[in-house]
1. With the range 9-119 as the region, which strands (runs of 3 or more DSSP E) entirely inside it contain at least 2 residues that are within 30 Å of R335 (Cβ to Cβ)?
2. Quick one: how many residues across the range 5-29 are more than 16 Å from the ligand (Cβ to nearest atom), more than 15 Å from G313 (Cβ to Cβ) and crowded, with 16+ Cβ neighbours inside 10 Å?
3. Kindly establish whether P65 is within 9 Å of the ligand (Cβ to nearest atom) and touching a residue at least 12 places away in the same chain (Cβ under 8 Å).
4. Anything in the range 405-419 that is open to solvent by less than 10 Å² (accessible area, probe 1.4 Å) and either assigned to a loop (DSSP other than H, G, I, E, B) or of a type in the set (S, T, N, Q) (or both)? List them, or say none.
5. Among the residues of the range 49-57, are any in contact with an Asp or Glu (Cβ under 7 Å, 6 or more places away or on another chain) and among the small types (G, A, S)?
6. Please specify each residue of the range 120-138 satisfying the condition of being of a type outside the set (D, E), assigned to a helix (DSSP H, G or I) and within 13 Å of the ligand (Cβ to nearest atom).
7. Any idea which of (1) more than 30 Å from A246 (Cα to Cα); (2) more than 14 Å from the ligand (Cβ to nearest atom) is the one V309 doesn't satisfy?
8. Within the range 364-404, work out how many residues are part of a helix (DSSP H, G or I) and at pLDDT below 95.
Amino acid sequence: MRTLRIGQLGCGIVGSAVLRVLDRNRSDIDERVGAPLEVAKIAVRNLGKERDIPEAHKALLTTDPHEVTSDPSIDIVVEVMGGIEPTRTLLLEAIGNGKHIVTANKELLASLGAELFDAAEGKGVDLYFEAAVAGGIPLIRPMKESLAGDRIRKVMGIVNGTTNFILTRMSEEGCSFAEALGEAERLGYTELDPTADIEGFDPAAKASILASIAFNTRVVAGDVYREGIADITAADIAFAKRLGYAVKLLAIAEEQDGEIAVRVHPAMIPLGHPLASVRENLNAVFVEGENVGELMFYGRGAGGPPTSVSVLGDVTTVARNIMSGGRGPGCTCYRSARIRPIDQMFAQYYILLNVADRPGVLATVASAFGANSVSIASVWQEGFGDQAQLVMITHRAQEKDLQATLHTLRELDAVTKVASVMRVEGGEA
Ligand SMILES: NC(=O)c1ccc[n+]([C@@H]2O[C@H](COP(=O)([O-])OP(=O)(O)OC[C@H]3O[C@@H](n4cnc5c(N)ncnc54)[C@H](OP(=O)(O)O)[C@@H]3O)[C@@H](O)[C@H]2O)c1
C-alpha cells in the first residue's frame, strides 16, 4: 500500500500540535484516508529550541525548508510557518514541484491568495486552508462545499479572540481598555506586538478570506474597511448594555446592491443576538443564507490543539483526494463584483449627543438628520440640565450621509459634543 508523505514548514504553536495530534490519532486517520501517513521532514529556524513533539519526529527537523519543498517523496506540504516571505516563495516552489498544500496562513492568503491558487490550478494540486480563519472552527469547507447550493447574504463574526477577551473583561468587570489588555497579555492571549489584533488587521485578513468564499469574488485584506477597539471606553460599553446591546469587534461581509461590503469595526449588537453571548477569547461566525437561514459556527478560534484539528482535517481530505485521484474545489472566486467603498456602505448607527437642555433642541437635532437623508429609528433623552444627552438610533443609512449628519450636528449651538458614534448590527436587514 502506498504511504503518503508529509513535509511540514514550521513547528511552533500550531505545527507542534499538528505533530502531537497526528501521532495520537494516527491509526484512525490512516483508516479514514485508506493509506498510511508519514511525516518525512519538518523545517524550523532554530534546531536547538525545546519542542513538545513526539520523540521520533525530532530527527526529522531541518533548518533548510527546501528539503521539504523539493523532496520528491513528499506528497503534502503543511505550512504552519506564517508570514509572507519566504513562505510565499517556498509554497510556490512546493506547488511547482507538484506538492499539495495545507496552510494556516491567513496573512498570505489574504494578500496573495490569487497567486497561490493560480499556481495550484496550473499544477493540478490541492490548496486547503481551513485553519486560516477561526482556528479550530470548521468554516471554510462548510461555506465552500456544504453551502454551495445556496446564496450567502451576509457573514458576520467575532474572529479575533484577543479583542473579544478584552471587550468581555471591559463589559463584565468595568475595567479600562488598558487594564483588560494587560490581563490578556498576562494570560498569553496576545501576540508579542498586539497591534494586529487591537487595530483590526488580523480580523480584516480573515474577513477578506470569508468574503472571497461567501461571494465568490476575490477580496484582499486591503479592501476591508477597518477600525480597531482602542478608542472604546468602559463607559461606552456600560451605556450600550443599559440600552440592551453588547459591544463586539465584528468582521462583516455582505452583498449590498450587487456589490461586496466588507468591514471590521466595533459594533453594538442586541443582547439577544447569538453573537452577543460569545465571551472571553472564543470566536463565532454567523452566516445568513437565502434558503438555509441563519447558521452559527462557534468555538476556539486559536490555540495549537484546536487549530491542529483544522490542519489535520485538510491533510485527511487532501490525502483522500490523492488516493481517489480527485481534487478539491480549488479557487471559487469566479465573479468579480465591485468592492463597495465605506462611504457607500449602509449600516444602522447609534449616536450619543451632549446637548443643551432647552426647548426646541430635539427638533433642531432631528432636522439635521432629516436634511442629510438619515432617518431616526428611536430617540430618547438621558439626564437633564448640563448633563442632558440625546441617544439616537438610526434606520439603515449610508455612511456618507451619516458623516454629513455628524458634521452638521457638530456645527449646531444646541449640540455641545458628539460623545459617541457606533454602528449597530443584528437589527434591521
Ligand atoms: N497560533 C494560533 O493559534 C494560530 C491559529 C490559526 C492560524 N495560525 C497561523 O498558523 C501559522 C503558524 O502560527 P504559530 O502560532 O504556530 O507560529 P509560531 O509558534 O511562531 O511558529 C512558527 C514556526 O515556523 C518556523 N519558522 C519561521 N520562519 C521560518 C523560516 N524562515 N524557516 C524555517 N522555519 C521557520 C519557526 O521555527 P522555530 O520554532 O525554530 O522558531 C516556528 O517553528 C501562522 O500563519 C498563523 O497565522 C495560528
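1. Answer list for the range 9-119: 76-79, 100-103.
2. Looking only at that region, the number is 1.
3. Against the criterion (within 9 Å of the ligand (Cβ to nearest atom) and touching a residue at least 12 places away in the same chain (Cβ under 8 Å)), P65 qualifies.
4. Answer for the range 405-419, where residues must be open to solvent by less than 10 Å² (accessible area, probe 1.4 Å) and either assigned to a loop (DSSP other than H, G, I, E, B) or of a type in the set (S, T, N, Q) (or both): T405, A414.
5. No, the range 49-57 contains no residue that is in contact with an Asp or Glu (Cβ under 7 Å, 6 or more places away or on another chain) and among the small types (G, A, S).
6. Selection gives A131, A132.
7. Status for V309: all satisfied but (2).
8. Of the residues in that region, 3 qualify.
The values are calculated or read from the model by the stated rules, or taken from the named source; none is laboratory data. Not measured: the values here are computed from a predicted model. A quick note on method: Cβ atoms are made from the backbone with ideal geometry, for glycine too, and the neighbour counts reach across all protein chains shown. Note: areas computed on protein heavy atoms with side chains; ligands, DNA, RNA excluded. Shrake-Rupley method; radii C 1.70, N 1.55, O 1.52, S 1.80 Å.
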